[in-house]
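Asks: What follows is a single structure, and I will ask about it in a moment.
The values are calculated or read from the model by the stated rules, or taken from the named source; none is laboratory data. This is a predicted model, so every value here is computed, not measured. Here the Cβ positions follow ideal geometry from the backbone for every residue, glycine too, while neighbour counts run over all protein chains shown. We work out accessible area using only protein heavy atoms, side chains counted, and drop any ligands, DNA or RNA first. Shrake-Rupley method; radii C 1.70, N 1.55, O 1.52, S 1.80 Å.
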Amino acid sequence: MFRFQKEQEIVNIAGVKIGGQPGELATVLAGTIFYEGHSIVEDADAGIFDRKEAEALVNMQDSMSDETGNPSIVHIFANTFESMQKYIDFVTSVSDSPFIIDSPQPAVRMACAEYVTDIGLADKTIYNSINMSITDDEFASLANSDIDSSIILGFNAMDSSLDGRMALLENGGKLMDRGLLDIAEECGIKNILIDPSITPMGDGAGIALRMTMTAKAKWGYPVGSGIHNAPSSWSWLKAKKKEDPLVYKMCDIGTVSMQQLAGGDFVLYGPIENARYTFPLAAMADIMIAEASSDLDIEPSSSHPLNLLV
Amino acid sequence: MKGDCIAGNNDSCIAVITLASSFEPYEEAAMWGSCKTENLGAEKIIINTVSNSNIRYLLICGNESRGHLAGRTLIALHKNGIDEDGRIIGSDGAIPFIENISRDVIERFQNQVRLIEHIGLVDIDEIRRIVDEYKEKEGPYHEAAFVVESAKKKSRPVMDVTSGDIMVSGNVMLDSTSGIVCEVKSN
């Protein structure tokens, strides 16, 4: 493995530590609940869902986390504020894990920022995300909230190269008057999590792996991604899935260890149902990485899978 | 075919974009696929469309992808094109930019096809009916198929690095910017 010359930041979000040198901390894993098409959701707009099933899923992720030492985050997806509010109330009633709020609708994200501030849960909230589409309204909403943790998305629609993505974060590239990292700081974000952005395979998905290393080498912030999205639009694999669904599942979950081997600190691994497979895979990769880093003056944490499982 | 699209009847003059919905393809359509994003997804629809001169109509149906608004973005792109920065004029999608295809390809797309706007239509029987109505409605576009080559990505010259910022082992360093692993010579 390798060691970054730049000092690596470790952020602490509601007790979950993310970052550091490869092999130092266990990879943090975030499973998504209430995603588009999730079978436990009856009415996605109203936020009506099977509470028993949802609780079982969150409990399973928590149990896998306890067993392997890989900390967990609940990644909550919603299309409306009404549903997001219910999902947040539910998730925080059954788990102590921090949670990611994710919606494609800026209005929902803004309402959520206000909501978690009002109910005192901003310190457990990770905003997803500050990206190139941020408006003045969203900037103000985030700045006025108590949220201090956010994913910063490196998606550059005009230049998806490594340089383009890095420039977007550093100085706005050719798209913004300042970089997303500066914007995050102005919004009061102290816990910065960089996501290099996963584009489809064939559209530069692999660049995210290079950027994981480059961003950590340059800034030292924790880096991770939803890398399972890379094969999700891969037509060839979709055809294979029809022959044998396990082929797709294997590729989907296998992406997690790629992100880890590139030095990633956290992974949004997709459907929370996959926790039972993802955590053992990630724990295995963490153990291998820690062993490979043992002569680089890197000490695995006491709760690292290396110290719990072998 | 680029992206989540499959080819059907090559002589048909209608293609179907199902946005965020997924339906069993109808083979009478020239092309059938989803489009969930307002940037890369829209680019693939354009590339696939101009590569078949027989396609003269694009049925945009299915549920809109929320936030991304890929359907509304395709309509805006067809109507208004892009500005000098590559932003799709009039789109209210989250990140409506075209990066990988040139202005002349977009103009070809605008000239070659007419859009049949049915965002929100999920009735598969009605979608099939529209395909049947339009599949032989018009002859091929007067210019040959336009094959869009994938843009060659910028590549940096291979550098001769002598140090790096990521330590691989005692005297082996990785330079994260160039991606080159090198042995650091001691003096």
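Asks: Go through A:L209, A:L193, A:L169, A:L121 for me and flag whichever is open to solvent by 20 Å² or more (accessible area, probe 1.4 Å) and more than 11 Å from every other protein chain (Cβ to nearest Cβ).
Replies: Details: A:L209 fails: more than 11 Å from every other protein chain (Cβ to nearest Cβ); A:L193 fails: open to solvent by 20 Å² or more (accessible area, probe 1.4 Å); A:L169 fails: open to solvent by 20 Å² or more (accessible area, probe 1.4 Å).
Among A:L209, A:L193, A:L169, A:L121, only A:L121 is open to solvent by 20 Å² or more (accessible area, probe 1.4 Å) and more than 11 Å from every other protein chain (Cβ to nearest Cβ).
Asks: Within region A:294-304, is even one residue surrounded by 15 or more Cβ atoms within 10 Å (Cβ to Cβ), out of contact with any His (no Cβ under 9 Å at 6 or more places or on another chain) and not in a loop (DSSP other than H, G, I, E, B)?
Replies: no
Asks: (1) within 14 Å of chain B (Cβ to nearest Cβ); (2) in contact with a His (Cβ under 6 Å, 6 or more places away or on another chain): which one isn't true of A:G263, the others all being true?
Replies: Tallying (1) within 14 Å of chain B (Cβ to nearest Cβ); (2) in contact with a His (Cβ under 6 Å, 6 or more places away or on another chain), A:G263 fails exactly one: (2).
Asks: Of the residues A:D123, A:D148, A:D89, which is over 30 Å from B:D85 (Cβ atoms), without any contact (Cβ under 8 Å) to a residue 12 or more places away in the chain and not aromatic (F, W, Y)?
Replies: Values: A:D123 fails: without any contact (Cβ under 8 Å) to a residue 12 or more places away in the chain; A:D148 fails: without any contact (Cβ under 8 Å) to a residue 12 or more places away in the chain.
Answer to the selection: A:D89.
Asks: Quick check on B:I101: is it over 23 Å from B:M31 (Cα atoms), part of a loop (DSSP other than H, G, I, E, B) and either of a type in the set (K, R) or open to solvent by less than 30 Å² (accessible area, probe 1.4 Å) (or both)?
Replies: No, not satisfied.
Asks: Which of (1) touching a helix residue (DSSP H, G or I) at 6+ places or on another chain (Cβ under 9 Å); (2) surrounded by fewer than 22 Cβ atoms within 10 Å (Cβ to Cβ); (3) part of a helix (DSSP H, G or I) is the odd one out, the single condition A:A239 does not satisfy?
Replies: (1)
Asks: Okay, moving on. Looking at region A:73-82, is at least one residue open to solvent by 10 Å² or more (accessible area, probe 1.4 Å), within 14 Å of chain B (Cβ to nearest Cβ), touching an Asp or Glu at 6+ places or on another chain (Cβ under 6 Å) and closer than 23 Å to A:E53 by Cβ?
Replies: Checked against the condition, which is being open to solvent by 10 Å² or more (accessible area, probe 1.4 Å), within 14 Å of chain B (Cβ to nearest Cβ), touching an Asp or Glu at 6+ places or on another chain (Cβ under 6 Å) and closer than 23 Å to A:E53 by Cβ, region A:73-82 yields at least one hit.
Asks: Output the number of residues of region B:62-98 satisfying the condition of being open to solvent by 50 Å² or more (accessible area, probe 1.4 Å), modelled with pLDDT under 95 and not in a loop (DSSP other than H, G, I, E, B).
Replies: 1
Asks: Among residues belonging to region A:94-118 that are within 14 Å of chain B (Cβ to nearest Cβ) and of a type in the set (V, I, T), point out the one that is nearest to A:N59 (Cα to Cα).
Replies: Looking at residues that are within 14 Å of chain B (Cβ to nearest Cβ) and of a type in the set (V, I, T), I get A:I101.
Asks: Checking A:P106 against (1) open to solvent by 40 Å² or more (accessible area, probe 1.4 Å); (2) at pLDDT 95 or above; (3) in contact with an Asp or Glu (Cβ under 6 Å, 6 or more places away or on another chain), which test does it fail?
Replies: (2)
Asks: Kindly indicate the residue of region A:92-103 that is among the aliphatic types (A, V, I, L, M) and closer than 15 Å to A:I151 by Cβ and also surrounded by the fewest Cβ atoms within 10 Å (Cβ to Cβ) among those meeting that condition.
Replies: Let us first name the residues in region A:92-103 that are among the aliphatic types (A, V, I, L, M), namely A:94, A:100-101.
Pick out the ones that are also closer than 15 Å to A:I151 by Cβ and you get A:100-101.
Working: A:I100: 23, A:I101: 25.
If we take residues in region A:92-103 being among the aliphatic types (A, V, I, L, M) and closer than 15 Å to A:I151 by Cβ, then A:I100 is surrounded by the fewest Cβ atoms within 10 Å (Cβ to Cβ).
Asks: Residues that are closer than 23 Å to A:K190 by Cβ, within 14 Å of chain B (Cβ to nearest Cβ) and either open to solvent by less than 30 Å² (accessible area, probe 1.4 Å) or of a type outside the set (D, E, K, R) (or both): does region A:139-150 have at least one?
Replies: No: region A:139-150 contains no residue that is closer than 23 Å to A:K190 by Cβ, within 14 Å of chain B (Cβ to nearest Cβ) and either open to solvent by less than 30 Å² (accessible area, probe 1.4 Å) or of a type outside the set (D, E, K, R) (or both).
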